[in-house]
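Presented below is the structure to which this report refers.
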Amino acid sequence: MTLLYSDVEEELRSAVRRLLDERSPWTAVLARVGGAEAYDPALWRALATDVGCAGLAVPEKLNGSGASWREAAVVAEELGRAVAPVPHLGAAMATAALLAAVDDGAPDGLLAAVAAGDTTAVLVLPLATPPATPVPATVTAAHGAVTGVVTGVADALAADLLVVPTVDGLWAVDAADARLVARTTLDLTRRLCDVAFDSAPARPLAGTDTVAPCWRAALRVGAVLLAAEQVGVAAWCLDATVAHLKVRHQFGRPVGAYQGLKHRLAELWVAITQARAAARYAAGCVTDGDPDAPVAVAVAQAHCSPVAVRAAEECVQMHGGVGFTWEHPAHLYLKRAKSAAIALGTAQRHRAALAALVDLPG
């Protein structure tokens with residue numbers, strides 16, 4: 001395995017960044033989060049269909065791109081750099097669950113539609129779900145219908161289809177058949193909602209015996225892509241701060257010329273470089289089915305999460321007064337970093353999971 005980006009990955013990065021620069025600059029993101037609809041459906045459609053981001057990890061025989069989760073992680077990194085208001089994380093977790101279900105013999109027609117970008121499927125789980133959590137029992141299935149409530153679900157507001165895990169199996173429910181109640185959240189670029197089902201018609205995707213592997217695959221892929229996204233958030237914060245300190249003058253010299261700030265930025269650069277390596281290794285392990293994947297994922301989340309928060313805090317502070325204003329994008333990145341720090345388990349929960357995996361005493 002190499003931690004370096006391949007030429008194909010760099011081309012993919014360039015395509016995604018170019019699209020985001022044209023369609024979703026930070027000014028557009030800031031204007032959108034102040035409105036009623038935070039998600040950008042047109043941007044997501046362009047990413048999912050034109051660039052092919054929806055089916056990167058799906059085999060070509062299932063209408064996908066035949067790439068891997070490494071390429072999907074590159075996309076997540078760029079989406080983090082742009083704090084793009086698109087349902088990439090929830091959709092990727094749904095794709096991971098569907099891939100695991102197809103491997104077990106489930107029908108693949110739905111996965112083909114998802115991979116083509118024709119259908120946006122989102123996994124229904126609380127965003128704060130920690131690692132190694134069993135399939136929740138808040139939703140039950142009976143006679144081809146599901147009933148129950150799941151709170152704090154990310155990206156469901158932008159979904160056409162909801163992939164619902166229950167102890168009885170994995171189910172597909174049309175978003176129109178569920179009741180979605182938006183919640184007030186810190187991160188306005190990734191809205192959460194409560195999803196309620198009242199005997200909603202559901203199509204089976206996996207049985208009782210196979211829902212657990214689907215659930216684990218979704219959590220693992222979600223943690224990998226979230227780590228990559230956090231790297232992107234941290235990288236933007238560092239780049240923006242360096243650019244600001246080069247032009248901002250105090251006492252007749254650039255602020256960036258002061259040694260104390262140089263040291264802080266150098267330490268942050270090292271931390272981000274380490275975070276990128278950890279995230280890349282985790283993505284590679286999940287892609288290759290490496291037995292070290294659980295350890296790699298725990299390390300990536302335990303490291304990338306605090307690095308993103310630190311980078312965003314430094315960005316706000318080193319921008320001075322302007323960094324605290326609504327008109328500057330720094331607060332978008334701080335909110336995304338703080339929100340992501342509790343998504344799919346805090347760094348502390350991942351360190352605890354890592355301790356168990358390597359047989360360290362509690």
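Okay, here's what the table says:
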{"quantity": "Extreme residue, farthest from residue 5 (Cα to Cα), among residues of segment 243-275 that are assigned to a loop (DSSP other than H, G, I, E, B) and open to solvent by 100 Å² or more (accessible area, probe 1.4 Å)", "calculated": "251"}
{"quantity": "Residue match in segment 140-160 (condition: over 22 Å from the mean Cα position of the chain (by Cα), closer than 23 Å to residue 96 by Cα, open to solvent by 10 Å² or more (accessible area, probe 1.4 Å) and hydroxyl-bearing (Ser, Thr, Tyr))", "calculated": "yes"}
{"quantity": "Check on residue 32, within 27 Å of residue 312 (Cβ to Cβ), touching a residue at least 40 places away in the same chain (Cβ under 8 Å) and of a type in the set (Lys, Arg)", "calculated": "yes"}
{"quantity": "Output for segment 167-180, where each listed residue is modelled with pLDDT of 95 or more and open to solvent by 60 Å² or more (accessible area, probe 1.4 Å)", "calculated": "174, 176, 177, 179"}
{"quantity": "Residues located in segment 35-51, provided they are surrounded by 12 or more Cβ atoms within 10 Å (Cβ to Cβ) and either part of a helix (DSSP H, G or I) or free of Cβ contacts under 8 Å to residues at least 24 places away in the same chain (or both)", "calculated": "37, 41, 43, 44, 45, 46, 47, 48, 49"}
{"quantity": "Pair list, Cβ < 6 Å and 6+ apart or interchain, from segment 120-134 residues that are closer than 11 Å to residue 222 by Cα to residues that are among the acidic types (Asp, Glu) and surrounded by 21 or more Cβ atoms within 10 Å (Cβ to Cβ)", "calculated": "none"}
{"quantity": "For residue 360: the one exception among (1) surrounded by fewer than 21 Cβ atoms within 10 Å (Cβ to Cβ); (2) among the hydrophobic types (A, V, I, L, M, F, W, C); (3) within 21 Å of the chain's Cα centre (by Cα)", "calculated": "(3)"}
{"quantity": "Qualifying residue in segment 71-91 (condition: free of Cβ contacts under 8 Å to residues at least 12 places away in the same chain and either closer than 19 Å to residue 220 by Cβ or outside any helix (DSSP H, G or I) (or both))", "calculated": "no"}
{"quantity": "One residue from 37, 60 being more than 25 Å from residue 21 (Cα to Cα), among the acidic types (Asp, Glu) and at pLDDT below 95", "calculated": "60"}
{"quantity": "Flag for residue 97 being in contact with a strand residue (DSSP E or B) (Cβ under 7 Å, 6 or more places away or on another chain), assigned to a loop (DSSP other than H, G, I, E, B) and closer than 27 Å to residue 231 by Cα", "calculated": "no"}
{"quantity": "Strands (runs of 3 or more DSSP E) contained entirely in segment 154-206, each with at least 1 residues that are of a type in the set (S, T, N, Q)", "calculated": "161-166, 192-201"}
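The values are calculated or read from the model by the stated rules, or taken from the named source; none is laboratory data. Please read all numbers here as calculations on a predicted model, not as lab measurements. Note: ideal-geometry Cβ built from the backbone for every residue, glycine included; neighbour counts use all protein chains shown. For accessibility, only protein heavy atoms count, side chains too; no ligands or nucleic acids. Shrake-Rupley method; radii C 1.70, N 1.55, O 1.52, S 1.80 Å.
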